Amino acid sequence: MGDRRRRRRLAATAAAAGLMFGAAACGSGSDAAGSSDPNTLEVWTRSNPDDAATYDRVFAAFTKKTGIRIDYQPVITFDQQLQSRASTKDLPDVMINDTALMGSYQSQGLLKPIDPHSLAGGDQITAKSWSSTVGVDGKHYGIPYSRQAQTLMIRKDWLKKLGLKAPTTWQEMLSVAKAFATEDPDGDGKADTYGIVAPASAQNGYAAMWGSSFLWQGGAQIIKPDGKGKYSPAMDSAAAVNTVTWMKDNLFCGAKGIVQPGAITAVTGTATNFQDGNAGMYLTGPYNITTYDTTPGRKTYEVVPAPAGPAGGDVLADGENVYLGARTGKDRQELALAAFLVSPEGQRIAMTSVDGHQPVVRIPVNSTLDAAEVRHDPRWSVVQKAYETASEQFPNAPDFAPIKQDTADALNSIFTYCGGDVRSQLKELNDTLAGDLKDQDLLK
């Protein structure tokens, strides 16, 4: 397995190197299609039509305010299309995409560095949010736009029926999960309910994304920074071994029904058991609140902090940044758009739903705003508090994609084969992570 991961990692590194070479003069001067009109910005977001409708409102308000036009392109296959554009030396002017992609984009030469002091309203963004835009060279390569943190969605009607309370610790969560799986909380007389939704597939790194909150709550880290721009793999620590062993023994290899059937092959798009009404808990992002308010229904569930493990209750935080395409020649217009996007006006528009469309800002990065107040929904205070006081982000300075994928491969394998030795499997993962870091010249 280690050799397979190594071959995939080297192939990805070679592809990135090729993209860097092709992007060396991206968007420069009059050669770039997007530069023909200096008062028009080509803007990409990774969005479906529902998200795009909200972005349309945001960009319309910006154009009305400034006169700068937006050529907006919602792109679902964002990374594939971006690579194609980079190979023709024609980057979009502005991109909005995941924070975790910054290291990859920056290492390929796709991004323009940003001075936070040059951004109007940049001082209203917290240091925590700004910290996720710092590259390996200490420069900022993105502007925070939206943030989120995981919370526990739980069926409060099931809790009431079984005389239980929302769990605050791992052990309480396990007890509630067993009750949800065995005590017929939906009252249909059938053994067809499950405790916890787990998107634990290796595909696209899902097992690592969902499992990271448990790792942090158990006191583990995937990679450890040395404070000088280098990193060490840390998945062979005692905390990691103990945490992954607990997850394997109790969630995947323990009592039947603790997690939904097929959890080890489930991704978020197929892990619909909470929405379908047959699972009682889901540690997930707040983007699901709008969906779950419809099904299973707002009155059936509540949003609570994640149950704490031995080291606390930290959960995965992530979000989106505004990225400026390298050498597009439109600094003034790009910074004007970025300033609007992080302003109270821009953030409010992006946080509200019109005609049922999905908001595109979850937790505002503008510190003058309160998510619960803007949305008139106290549940969002749980999400905002989790982000501000009990969350961790994947390290964004490295290209974290291969690290996340290799971690997901290992976790998925451990959860699949219950008879394996966790300690030796995590030692193998640690060696693979060392290779990932070495490939990026980031190994301590």
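Points to keep in mind about this one:
- Taking 24 Å as the limit for the C-alpha separation, the pairs Lys165/Lys385; Lys248/Lys385; Lys139/Lys438 exceed it in the case of Lys248/Lys385.
- For Asp93, the residues whose amide H sits under 5 Å from its own are Glu42, ignoring neighbours fewer than 5 places away on the same chain, with H placed 1.01 Å from N.
- Taking the charge dipole of region 299-358 about its Cα centre, with +1 at Lys and Arg Cβ atoms and -1 at Asp and Glu Cβ atoms, the residue from Thr352, Val315, Val304 reaching farthest to the positive side is Thr352.
- FRET efficiency for Ala434 and Gln203, using Cβ-Cβ distance with R0 set to 41 Å, rounded to 0.05: 0.95
- Within region 165-186: backbone nitrogen closer than 14 Å to the Ala255 label point (7 Å, Cα to C-beta): 171-185
- Long-range amide H partners of Tyr301 with built H, under 5 Å: Lys156
- Assigned charges on the beta-carbon of Lys, Arg, Asp, Glu; the chain dipole about Cα centre (debye): 380 debye
- Taking amide H as placed 1.01 Å from N in the peptide plane, Phe400 has its amide H under 5 Å from the amide H of Gly103, Ser104, each at least 5 places away in sequence or on another chain.
- Within the same chain, aspartates and glutamates fewer than 8 places from Lys89 are excluded, and of the rest, those with a Cα less than 13 Å from its Cα are Asp31.
- Structural descriptor for region 279-391: relative contact order 28 percent, calculated from alpha carbon pairs under 8 angstrom and at least 6 residues apart.
- In the chain, Rg over Rh equals 0.97, where Rg is the alpha-carbon radius of gyration and Rh the Kirkwood radius from pairwise Cα distances.
- Taking each DSSP H run with n ≥ 4 as -39500 (n - 2.57) and averaging over every residue of the chain yields -12000 deg cm²/dmol at 222 nm.
- Excluding same-chain neighbours fewer than eight residues apart, the lysines reachable from Lys64 by a Cα-Cα span under 28 Å are Lys112, Lys330.
- Heavy-atom accessible surface of the chain, averaged per residue, reaches 41 Å², computed with a 1.4 Å probe.
- Region 204-288 gives an Rg/Rh value of 1.03, both radii derived from C-alpha positions and Rh following Kirkwood.
The values are calculated or read from the model by the stated rules, or taken from the named source; none is laboratory data. It should be emphasised that the depicted structure is a prediction, and the values quoted were computed from it without experimental measurement. Note that we place each Cβ from the backbone using ideal geometry, even for glycine, and neighbour counts take in every protein chain shown. Heads up: the accessible areas ignore ligands, DNA and RNA and are worked out on the full protein's heavy atoms, side chains in. Shrake-Rupley method; radii C 1.70, N 1.55, O 1.52, S 1.80 Å.
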